[in-house]
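The values are calculated or read from the model by the stated rules, or taken from the named source; none is laboratory data. Predicted model only: the values in this text are computed from it and were never measured. Cβ atoms come from the backbone with ideal geometry, glycine included; neighbour counts cover every protein chain shown.
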Amino acid sequence: MDKKILFLGLDAAMPDLIKKFVAEGSMPNTAKLMEQGVFSRLETVFPPLTAAAWTAIVSGAGAGTNGVPSLMVKHAGEELDHWHTSFDRNEVLCETLWDVAKRMGKKTALINWPVTFPMGAISVEDGCQLAGSLNPPFRYFFMPLWDVASSACFSNQLLRCNQIPGRAVKVEAKPAQGWTNLPKSEKEPLEFEITVPPTYVEGYKMQVLIYASTAEGYDRMLVSESKDAAQAVTDITMGDYGPWITKVFDARDYRRAGRFRFQILELSKDGKDFKLYQSSINMAEPYSVPASLSKEVEAVAGTYMEVDDPWAFMDGWMSPELYLDQLQMHADWWGKATKYVLDHQQWDMAFSWVGTIDHIEHALYAGIEPKARVYDPEKAPFCWHMIRETYRQVDENIGRIMESVDLENTYVVLISDHGMTHLDWNPYVKEHLSRAGLLKYVLDLSTDDPSNLSIDWSQTKCHPLEPCHAHIFINLKGRDPHGIVEPEDYEKVQEEIIRALYDMKDPETGAQVVALAIKKEESGTLGIYEGKGYDRVGDVIYAWKPGYMSHPFIYRSAIKYRDGSERIIANPELYEAAGLCRNFTGVHLALPSLHDMHACMLMAGPGVTKYERKYAAKIIDVAPTISKLLGIDVPADAEGGVLYDILDRIK
C-alpha cells in the first residue's frame, strides 16, 4: 500500500442531484473531480438506512453479516421491544478497512465517521479518531451519542413540537423584580424563568431578562443563573449567537459536561412576542483519540455539534435562512476539522463524514418531487433553493479539504450511502398489526408521553424492530422471553404477518403501501445472507413503497361531545399524513434497486481517468475494489466483488 486513500462520506447525496448541481455550477469542486474521475451509481443495502449502509461501505458486508440490520439492533434472547442503537461500533460484527490497515501496520484517521462511537475504534498507535456521527435526534427516539440533550425553544406562544414532548415551552414575561445590576433599558425590563434543558435530563434554572437598549423598543435578552445581571452568561440581540455555556449534567449513562448556547429567534419591539432558542447540549468532554486532538480542532473549526436541528425549522421556530446558517456551520466544521486532521496527523487511510444533505432532504424532498402528495409548484423553487444551497455548502468544504490532498499519491472517494424518496404517509404499524390480531398493546391514557405504550405479550404474536422499519420478530416460544407462538406455527404466523403487511392500503388511493414482504429464509432476495449477524434479522422482512415510513407510536386522542365534555381514547387512525415544512417529507426505506434510492461513488487520484459506469454497482463492492486497488487484504467478511471495469481504467 504505497498510495493513500481519503473517503469523503456525503450522507444521502443523490447521483442525479449531484449531476444537476454540477451542471448548474453550484458544485465546482465536485465538478473538478468528476472531470478526472470515475463516477458510478451504487445500489445500497437493505434496509437502506444510515448505519447499515456505512458499515457495508467499509466492510463489503450486508446486514446479515455486519450485525447492523436497521436503525436499531435486537439481540437474540432479549425482549422483542428492547433495542440497541445501531450507531454503537460494538454492534459491528465484521472486519472493516481500518481493521485491515491496522493488521498491516498502516495508520487510519476517522473523522465523524458513522458507527465508530464510542472512542477506541482507532488507538493512538493506529492513527486518530475525531467524534463519531449520529443521525439527528428525531421525533421517535432521542439517541444522542455525544449530545446530552436536545434543543428547546422558550416562547410566549404555544409552539409546535413534533419531536420530544416538552422541547417547546410556553412562558409568560412579567415586569422584572428583584434584579441587581440591571443594564440600562428604555422600557421596563421583563423577565421569565426557564429550565435548561426542559426535558430529557435534569436541567438548571435560569433567569431571562428582556430589555430595550434603545428607544425603539425591546431588542435584547440577558440570561443569568441568578437575578444579578452582572453574572449573566448571555446578553444578545437578534442575529447574535450567545457564547457557549458549559454545565455538568446527569445524563442517562453517566455524569457529563455539556455545552449549549442561546439565540433569539423572535423579539417584538413591544416585548409581547418572543422565541428564545436553546441549542442542543453538546458534550463538552474530549471526543477524540488522542484526547488532545479535540482542543486542537476546536481552535480552527469551532465547537463540535453532533447534529443540526431540522425540527426547529420544520416546527416553525427557526427561519429557513437561520437553518441554512446552521447547516453551513456543520459543513464548515466538517471541512475545517478534516483539513486539520489531514495536515497534522499521520494517516494512510482517512474516512470523513458530513450529514447535512441527508437532513435537508428528509425535511424538504417532497417539495421537489412532483409525485409527492404535498408537492406544490409554488413552493418548489424554495425547496430547490434550500437543497441546492446545502449541496453547495458541502462542495465548498470539499474544496477546502482538497487543498490538503495531493491527487498524485492519494485516491479520493466521494461516496454516499443511499438515495431518497418522497414521504406521503406514516402508517401506524403497531395499530395495523393489532387490528390483524397479531399484537396487543396497552396505552396509558393518563399521559401523552410517547413512551406510554406497553405490550401485552400474552396476546402478542409478533413485534416490529423499533422504529418499525423492515424487520418483524415473531414472539416464539422457547426462543423469546414471553414466547407464545408454538414452533410448529412459526411459518403460519410468518404468512399472517405478510398478509397483514400487504393488506395495508393508502388511505386516499387504496393502493398497496408495502412493496415486498418475505420470510426470513428468503432474505437473500434483499442481499441479507446467513452471516454473523443473521440472528438479528427479523422473521419477516419488508420494504415500503416510495411515499411511506413506519410510525412506531400510538397517540392519545380526545373525543369531544356537544356539552363540552371529552373522552380520551387511543388514536384510531391508521396513518399520519406528512406535511411539507412540518415533518419529514423525504425518506429512504424503499427497495434499494429503485433509481431514486441509489447512492453514488466518485473516485479520483493517481492514474484514474474519467469514466462513468453504465449500470449501478453494489455498495458492498466498494471495499473489495478499494482493497484490490491498494493491494491490501479484502475485509474478511466481505460479500461484494471487485469492480474490475474501474480498475482496468486506472493507469
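For the reader, a short list of remarks on this structure follows.
- Among the candidates Tyr555, Tyr561, Tyr548, Tyr534, residue that is aromatic (Phe, Trp, Tyr) and closer than 20 Å to Ala61 by Cα: Tyr534
- Under the condition of being out of contact with any Leu (no Cβ under 7 Å at 6 or more places or on another chain), in contact (Cβ under 8 Å) with a residue 24 or more places away in the chain and aliphatic (A, V, I, L, M), the residues counted in segment 416-450 number 6.
- Single residue of segment 23-59 satisfying the filter (under 25 Å from the mean Cα position of the chain (by Cα) and among the β-branched types (Val, Ile, Thr)) that is farthest from Lys520 (Cα to Cα): Thr30
- Any chance His469 is within 24 Å of Phe584 (Cα to Cα), outside any strand (DSSP E or B) and modelled with pLDDT under 95: yes
- Against the numbered list (1) under 24 Å from Asp308 (Cβ atoms); (2) at pLDDT 95 or above, Tyr211 comes up short only at (1).
- Cβ-Cβ under 7 Å pairs, at least 6 apart or on other chains, segment 372-387 side touching a residue at least 24 places away in the same chain (Cβ under 8 Å), far side among the basic types (Lys, Arg) and in a loop (DSSP other than H, G, I, E, B): none
- Taken over segment 625-648, the criterion of being in a helix (DSSP H, G or I) and of a type outside the set (S, T, N, Q) is satisfied by Ile626, Lys628, Leu629, Leu630, Tyr644, Asp645, Ile646, Leu647.
- Number of positions in segment 214-234 that are assigned to a strand (DSSP E or B) and within 20 Å of Ser279 (Cα to Cα): 6
- Residues satisfying the stated conditions in segment 202-233, i.e. β-branched (Val, Ile, Thr), free of Cβ contacts under 8 Å to residues at least 60 places away in the same chain and within 17 Å of Phe260 (Cα to Cα): Val223, Val233
- Qualifying position, being closer than 26 Å to Asn66 by Cα, in contact with an Asp or Glu (Cβ under 9 Å, 6 or more places away or on another chain) and free of Cβ contacts under 8 Å to residues at least 40 places away in the same chain, among Lys532, Lys560, Lys519: Lys519
Condition check ((1) over 30 Å from Leu647 (Cβ atoms); (2) surrounded by fewer than 22 Cβ atoms within 10 Å (Cβ to Cβ); (3) hydrophobic (A, V, I, L, M, F, W, C); (4) under 22 Å from the mean Cα position of the chain (by Cα)) across all residues:
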site: Gln345; (1), (2), (3), (4): no, yes, no, no
site: Asp348; (1), (2), (3), (4): no, yes, no, no
site: Val374; (1), (2), (3), (4): yes, yes, yes, no
site: Arg388; (1), (2), (3), (4): yes, yes, no, yes
site: Val394; (1), (2), (3), (4): no, no, yes, yes
site: Asn397; (1), (2), (3), (4): no, no, no, yes
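- Considering only residues in segment 38-58 that are touching a helix residue (DSSP H, G or I) at 6+ places or on another chain (Cβ under 6 Å) and in a strand (DSSP E or B), the one that is nearest to Leu516 (Cα to Cα) turns out to be Leu42.
Rundown of residues vs (1) farther than 30 Å from Asp2 by Cα; (2) in contact with a strand residue (DSSP E or B) (Cβ under 8 Å, 6 or more places away or on another chain); (3) among the β-branched types (Val, Ile, Thr); (4) outside the structural domain of Ser59 (by TED's automatic domain parsing), yes/no style:
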position	(1), (2), (3), (4)
Asp406	no, no, no, no
Ser416	no, yes, no, no
His432	yes, no, no, yes
Lys440	yes, yes, no, yes
Leu443	yes, yes, no, yes
Leu453	yes, yes, no, yes
Trp457	yes, no, no, yes
Lys461	yes, yes, no, yes
Ile472	yes, yes, yes, yes
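- One residue from Glu486, Glu496, Glu508 being in contact (Cβ under 8 Å) with a residue 60 or more places away in the chain and over 30 Å from the mean Cα position of the chain (by Cα): Glu496
- From the list Gly105, Gly77, the lone residue that is free of Cβ contacts under 8 Å to residues at least 24 places away in the same chain and either out of contact with any Asp or Glu (no Cβ under 9 Å at 6 or more places or on another chain) or not aliphatic (A, V, I, L, M) (or both) is Gly105.
- Between Asp424, Asp417, Asp406, the distinction of being modelled with pLDDT of 95 or more and part of a strand (DSSP E or B) belongs to Asp424 only.
- Any hit, segment 450-458, residues being buried (at least 21 other Cβ atoms within 10 Å of the Cβ) and either part of a loop (DSSP other than H, G, I, E, B) or aromatic (Phe, Trp, Tyr) (or both): no
- Residue check, Ile518 within 29 Å of the chain's Cα centre (by Cα), surrounded by 20 or more Cβ atoms within 10 Å (Cβ to Cβ) and not in a helix (DSSP H, G or I): no
- Test: residue in segment 266-284 that is closer than 30 Å to Ala337 by Cα, modelled with pLDDT of 95 or more, assigned to a loop (DSSP other than H, G, I, E, B) and out of contact with any Phe, Trp or Tyr (no Cβ under 7 Å at 6 or more places or on another chain): no
- Residue in segment 244-255 that is at pLDDT 95 or above, of a type outside the set (Val, Ile, Thr) and under 27 Å from the mean Cα position of the chain (by Cα) present: yes
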